[in-house]
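Inspection log for the structure reproduced underneath, given as structure tokens.
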Amino acid sequence: MRVRWFQDGVELNSDTTRPNSNTVRITAAWTPQESGLMEVVCMADFEKYPSIPPKNNSAFIEVYAFSSPEIQVPTSQEGNLVNITCLVLNVSGDLELSLKKGNDILVSGSSSTGLTISHTVEAQAKLDGQQYICEAELKLQDQSMTSPVIKQQIETLHVLYKPRDTIMTISVNDKTISGNNTPMSSIPVEVTKGDEITISCKSNGRPSPTLEWVNPSNGSNIVIGPSGFLHIPYVTSEHQGIYKCRATNQYGIDEKEVDLRVKDFIWIILVIAGAAILLIIVPVLTLYCKWRSQKRRQYKLNKRKPNSQKPSGNDHQEDVPLEELDP
């Protein structure tokens with residue numbers, strides 16, 4: 001016995017299996033080309049015994065047209081209005097169409113044919129990279145037997161804007177000492193002669209900004225690499241000055257700068273040594289002055305006391321100048 005599927009009198013491609021000796025099972029899969037009510041027929045017969053009449057059974061299938069949704073999100077310059085469109089061109093049945101940002105529904109609509117909905121936003125840098133979802137749901141007549149059919153299309157908004165949020169990071173001897181998104185020229189960065197310095201610069205913008213260093217110092221041995229990279233292996237006084245990173249694209253410019261101050265290590269040693277000497281000399285001078293003051297007072301007191309006995313013999317006493325008592 002053979003078993004076959006037919007649709008509009010045309011045999012469908014199918015797979016036949018035999019679970020046991022008394023059963024034939026046939027499976028067909030195809031894509032309907034038209035919407036509406038469609039009849040498919042399962043026919044069983046004996047090919048070698050044509051005198052035995054065939055037997056058949058039929059089923060009716062409701063075919064719905066439901067094209068995939070489309071979403072249009074045009075690239076726009078910051079400050080302009082962007083019209084985001086969500087549409088379904090071909091549908092038969094109850095259609096629910098929504099334009100969403102994340103889980104938030106921006107606008108929605110329903111129809112039994114094609115449908116277009118739209119939403120307008122102002123292009124802002126903070127919306128660059130924001131995804132919008134066009135979601136279409138087809139509700140079938142007998143919801144108890146089948147789940148709703150949902151299709152989605154996702155598109156990303158690209159906003160063109162000038163460079164901003166430029167960040168400069170400074171590393172001295174492989175240790176980061178500063179990095180922020182505010183001008184750094186008002187807070188000089190002090191380094192020591194002989195240090196190794198790396199300054200990196202990053203900026204946001206669309207298109208991606210080109211980074212360059214403007215008016216670096218006239219010192220030699222400076223390596224300027226790609227992507228806002230500046231390296232000084234050995235810092236000298238010639239490298240002192242303002243280093244400015246400029247981020248540029250076709251929509252504008254953003255700049256950040258740093259004031260680099262170079263200290264000579266020899267001067268640092270001299271300053272430390274001078275401070276140490278002062279710490280020693282000042283206490284000694286203070287003690288000496290106190291001691292001398294006490295000697296002066298003692299001498300004056302002794303001079304004012306009356307003599308209880310007159311000097312006799314070789315005893316002779318005379319006033320000694322104060323200067324001779326000083327060590």
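Scanning region 119-147 for residues that are in contact with a strand residue (DSSP E or B) (Cβ under 8 Å, 6 or more places away or on another chain) and open to solvent by 60 Å² or more (accessible area, probe 1.4 Å) yields 120, 122, 124, 131, 139, 141. Within region 11-34, being open to solvent by 90 Å² or more (accessible area, probe 1.4 Å) and in a strand (DSSP E or B) holds for 11, 15, 18, 25. Report yes if residue 37 is on the phi < 0 side of the Ramachandran plot, in contact (Cβ under 8 Å) with a residue 40 or more places away in the chain and in a strand (DSSP E or B), otherwise no. The answer is no for residue 37. Residue 65 meets all of the listed conditions (1) open to solvent by less than 80 Å² (accessible area, probe 1.4 Å); (2) more than 45 Å from the chain's Cα centre (by Cα) but one, namely (2). Here region 201-222 is the region considered, the condition is being open to solvent by less than 40 Å² (accessible area, probe 1.4 Å) and hydroxyl-bearing (Ser, Thr, Tyr), and the residue that is modelled with the lowest pLDDT is 217. For first residues located in region 40-56 and surrounded by 14 or more Cβ atoms within 10 Å (Cβ to Cβ), partners that are among the hydroxyl-bearing types (Ser, Thr, Tyr) and in a strand (DSSP E or B) and lie 6+ apart or on another chain with Cβ distances below 9 Å form the pairs 40/58; 41/58; 42/58. I'd like the full set of residues that are touching an Asp or Glu at 6+ places or on another chain (Cβ under 7 Å), closer than 21 Å to residue 225 by Cβ and basic (Lys, Arg), limited to region 245-262. Passing the criteria: only 246. Look at residue 60 and say whether it is out of contact with any strand residue (DSSP E or B) (no Cβ under 7 Å at 6 or more places or on another chain), open to solvent by 50 Å² or more (accessible area, probe 1.4 Å) and over 30 Å from residue 132 (Cβ atoms). Taking the combined requirement at face value, the residue does not satisfy it. Residue 84 - would you say it is touching a His at 6+ places or on another chain (Cβ under 8 Å), closer than 25 Å to residue 152 by Cβ, surrounded by 14 or more Cβ atoms within 10 Å (Cβ to Cβ) and not polar (S, T, N, Q)? It is true that residue 84 is touching a His at 6+ places or on another chain (Cβ under 8 Å), closer than 25 Å to residue 152 by Cβ, surrounded by 14 or more Cβ atoms within 10 Å (Cβ to Cβ) and not polar (S, T, N, Q).
The values are calculated or read from the model by the stated rules, or taken from the named source; none is laboratory data. Keep in mind that this is a model prediction, so the values were computed, not measured. Counting neighbours? That spans all protein chains shown, and the Cβs are built from the backbone with ideal geometry, glycine included. For accessibility, only protein heavy atoms count, side chains too; no ligands or nucleic acids. Shrake-Rupley method; radii C 1.70, N 1.55, O 1.52, S 1.80 Å.
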